[in-house]
Amino acid sequence: MAVATSDSILARSLITDRRSTNFGLKNEVCRGKVVPCRAGGKVKGKGNGRVEVKAVVQIGGLEEGKKAKDEMGLDVVSEEELREKGFLGMRKTKLVCTIGPACCSLQDLEKLALGGMNVARLNMCHNTRDWHRDVIKKINQLNEEKGFCVSVMIDTEGSQIHVLDHGAPSSVKAEEGSTWLFTAQKLEGSPPFAIQANYEGFSEGIEVGDELVIDGGMASFQVIEKVGNDLRCKCTDSGLFLPRAKFSFWRNGKLVARNSELPTLSKKDWADIEFGVSEGVDFIALSFVNDADPVRQLKNYLYMRSTRVLAKVESLESLQKLKEIVEASDGIMVARGDLGVEIPYEQIPTVQEEITRVCREMNKPIIVASQLLESMVEYPTPTRAEVADVSEAVRQYADALMLSGESAIGPYGQKALSILQMASSRMELWSREENRQSILHQRRLGVSLPDRIAEQICNCAVEMANNLGVDAIFVYTKHGQMASLLSRNRPYPPIFAFTSDNGTRMALNLQWGVIPLLVELSDDDMEANISTTIELIRRKGMLKPGDVVMVVSDLTPTHINSTAFQSIQVKTVV
């Protein structure tokens with residue numbers, strides 16, 4: 001049945017009884033009745049009848065679809081996981097790895113990709129642009145030649161005071177009682193116990209007796225002498241000095257504000273952004289965002305480009321303006337290391353959970369970062385507390401978890417990634433079996449009627465998918481909006497997002513539970529899209545008779561006389 005209107009948008013339920021056996025598929029028959037089914041139950045087919053529940057936005061009639069390709073852009077890791085674990089066993093939490101000297105070879109990058117790395121992060125604080133360009137080239141090579149789907153993210157340096165050089169390529173140990181010189185003057189060679197800062201005014205307003213903390217507590221010093229702009233400090237808590245380690249100063253138990261006059265986006269940051277755009281990176285993460293203005297500024301600069309902008313929440317100011325920052329950005333990274341310097345330790349768990357909740361409500365992906373498996377920078381086994389911390393982030397339904405120094409400079413990066421993969425998969429399974437999916441306050445996002453229809457379709461689709469126990473959700477999308485809305489509801493089955501836009505595919509790599517696939521789609525023949533893509537997956541042996549998939553679409557027509565619709569359909573493979 002087709003319903004068309006030229007002047008209005010019609011949203012209604014349609015039930016048809018049309019025989020269809022395209023590519024060995026059949027649609028389920030509900031005869032307009034609610035099917036009683038326990039959560040996790042499976043819909044069973046009854047003949048060749050057909051039912052479609054559609055929220056329809058239709059203009060004109062149908063046109064013959066394009067001939068589909070014989071190949072499908074499903075990455076090799078997801079394909080292997082699907083074959084091994086089945087639909088419901090697929091990991092949904094995405095994994096981000098920081099690339100550094102310990103994992104920048106082609107072989108190491110391939111091992112990380114095979115281990116489940118969804119996004120490779122490059123911190124522009126470290127290394128040269130030529131080094132970053134080489135890493136991006138290698139990742140693109142792996143994607144093209146080995147069939148991976150790994151997105152690339154760069155971090156801007158932002159307004160932070162950090163170590164420019166400490167005379168070692170990886171890390172040095174500061175021993176308790178040792179005396180160190182902190183200076184903004186250029187150091188000749190690598191003098192011992194001397195640290196160069198990146199900002200000439202790093203010591204302004206600092207007094208003798210103040211505490212200097214490295215990387216949120218990796219090591220601590222007391223200022224014992226101030227000579228001009230230089231500080232002579234005594235180590236009070238021994239620890240590691242990592243490359244580009246960050247400074248913070250404390251006085252009488254309170255943070256001394258040091259970077260208020262530094263811009264969020266410096267000249268170097270803009271140069272790094274231009275570099276990232278020229279290299280085709282998928283995400284740019286802005287460091288030390290205190291309000292929404294720099295996010296909007298960068299998004300305006302990137303207008304009409306597929307690169308997404310993430311804001312890093314790592315300061316007290318960013319917490320005070322959290323909602324406006326989340327709304328302006330394409331996603332959030334919770335940098336707990338720097339954030340933990342500015343708020344009391346005991347507040348970190350509740351703040352993390354609140355940020356995660358706000359991001360889900362506003363439909364923005366969130367990355368939980370910093371110190372997830374910090375001990376693995378040195379040791380081959382994480383602490384049990386670290387694994388519990390990872391599991392809690394998964395329980396909160398964070399979209400992604402991120403390794404920093406564990407992969408960038410640690411000798412056990414691949415093992416750290418495998419621990420994230422195992423811990424997240426186990427917690428996801430436990431949460432589903434115990435039916436502990438958090439109840440999301442359904443904050444309405446859409447303003448226009450079509451947007452509100454799409455939002456309601458996705459809310460209902462996830463509820464139906466969970467109650468009917470379907471094996472997978474297939475969404476056909478151009479810009480990824482409906483795939484994102486489905487992910488927001490954290491369904492039990494995985495979401496396969498079919499798109500013909502590679503930028504959309506790489507952006508969806510950060511969305512919880514979404515497996516993005518690059519395929520050729522017709523804007524004007526939805527049935528051809530469904531039949532062709534399901535046949536391609538079935539031909540690969542990943543669909544078997546009896547599997548049930550829910551189909552959702554947000555494709556819009558290219559021709560004025562074409563029919564476009566947003567729909568929910570339930571199909572069984574025969």
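The values are calculated or read from the model by the stated rules, or taken from the named source; none is laboratory data. None of the values given here were measured: they were computed from a predicted structure. Here Cβ is always computed from backbone atoms with ideal geometry, including for glycine, and neighbour counts include all displayed protein chains. With ligands, DNA and RNA removed, areas are computed over all heavy atoms of the protein, side chains included. Shrake-Rupley method; radii C 1.70, N 1.55, O 1.52, S 1.80 Å.
See the values below:
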{"read-out": "Failed item, numbered, when Leu468 is tested on (1) buried (at least 24 other Cβ atoms within 10 Å of the Cβ); (2) farther than 30 Å from Ile332 by Cα", "value": "(1)"}
{"read-out": "Hits in the range 77-107 - residues which are open to solvent by less than 20 Å² (accessible area, probe 1.4 Å), assigned to a helix (DSSP H, G or I) and out of contact with any strand residue (DSSP E or B) (no Cβ under 6 Å at 6 or more places or on another chain)", "value": "Leu82"}
{"read-out": "In the range 113-145, the residues that are part of a helix (DSSP H, G or I) and closer than 15 Å to Met506 by Cβ", "value": "Ala113, Ile136, Ile139, Asn140, Leu142, Asn143, Glu144"}
{"read-out": "Some residue of the range 309-327 being aliphatic (A, V, I, L, M) and without any contact (Cβ under 8 Å) to a residue 24 or more places away in the chain", "value": "no"}
{"read-out": "Count of residues meeting criterion [touching a residue at least 60 places away in the same chain (Cβ under 8 Å), within 19 Å of Arg91 (Cα to Cα) and open to solvent by 20 Å² or more (accessible area, probe 1.4 Å)] in the range 398-417", "value": "1"}
{"read-out": "Residue tally, condition among the aliphatic types (A, V, I, L, M) and without any contact (Cβ under 8 Å) to a residue 12 or more places away in the chain, over the range 133-159", "value": "0"}
{"read-out": "Single unsatisfied condition, Gly65 versus (1) at pLDDT below 90; (2) among the small types (Gly, Ala, Ser); (3) over 21 Å from Ile537 (Cα atoms)", "value": "(3)"}
{"read-out": "Among the residues listed as Phe249, Phe221, Phe202, the single one being surrounded by 15 or more Cβ atoms within 10 Å (Cβ to Cβ), assigned to a loop (DSSP other than H, G, I, E, B) and in the same structural domain as Lys173 (by the TED database)", "value": "Phe202"}
{"read-out": "Identity of the residue in the range 507-530, in contact with a helix residue (DSSP H, G or I) (Cβ under 7 Å, 6 or more places away or on another chain) and of a type in the set (Gly, Ala, Ser), that ends up surrounded by the fewest Cβ atoms within 10 Å (Cβ to Cβ)", "value": "Ser522"}
{"read-out": "Whichever residue in the range 509-529 is more than 15 Å from Phe148 (Cβ to Cβ) and among the hydrophobic types (A, V, I, L, M, F, W, C) and, among such residues, is farthest from the chain's Cα centre (by Cα)", "value": "Ala528"}
{"read-out": "Boolean, Glu110 is in a helix (DSSP H, G or I), out of contact with any strand residue (DSSP E or B) (no Cβ under 9 Å at 6 or more places or on another chain) and either at pLDDT 95 or above or of a type in the set (S, T, N, Q) (or both)", "value": "yes"}
{"read-out": "Unmet criterion (only one of (1) surrounded by fewer than 21 Cβ atoms within 10 Å (Cβ to Cβ); (2) out of contact with any helix residue (DSSP H, G or I) (no Cβ under 7 Å at 6 or more places or on another chain); (3) modelled with pLDDT of 85 or more; (4) small (Gly, Ala, Ser)) for Ser487", "value": "(1)"}
{"read-out": "Top-ranked residue in the range 291-341 [being in contact with a Gly (Cβ under 9 Å, 6 or more places away or on another chain) and of a type in the set (D, E, K, R); ranked as most open to solvent (accessible area, probe 1.4 Å)]", "value": "Arg305"}
{"read-out": "Some residue of the range 140-147 being at pLDDT 95 or above, buried (at least 23 other Cβ atoms within 10 Å of the Cβ) and in the same structural domain as Leu310 (by the TED database)", "value": "no"}
{"read-out": "Qualifying position, being within 30 Å of Ser375 (Cβ to Cβ) and of a type outside the set (Phe, Trp, Tyr), among Gln320, Gln297, Gln347", "value": "Gln347"}
{"read-out": "The range 490-506: number of residues that are more than 19 Å from Ile534 (Cβ to Cβ) and open to solvent by less than 20 Å² (accessible area, probe 1.4 Å)", "value": "4"}
{"read-out": "Test result for Thr533, open to solvent by less than 10 Å² (accessible area, probe 1.4 Å), assigned by the TED database to the domain that holds Arg444 and touching a helix residue (DSSP H, G or I) at 6+ places or on another chain (Cβ under 7 Å)", "value": "no"}
{"read-out": "Residues within the range 265-288 that are farther than 23 Å from Gly503 by Cβ, in contact with a Ser or Thr (Cβ under 9 Å, 6 or more places away or on another chain) and of a type outside the set (Phe, Trp, Tyr), tallied", "value": "3"}
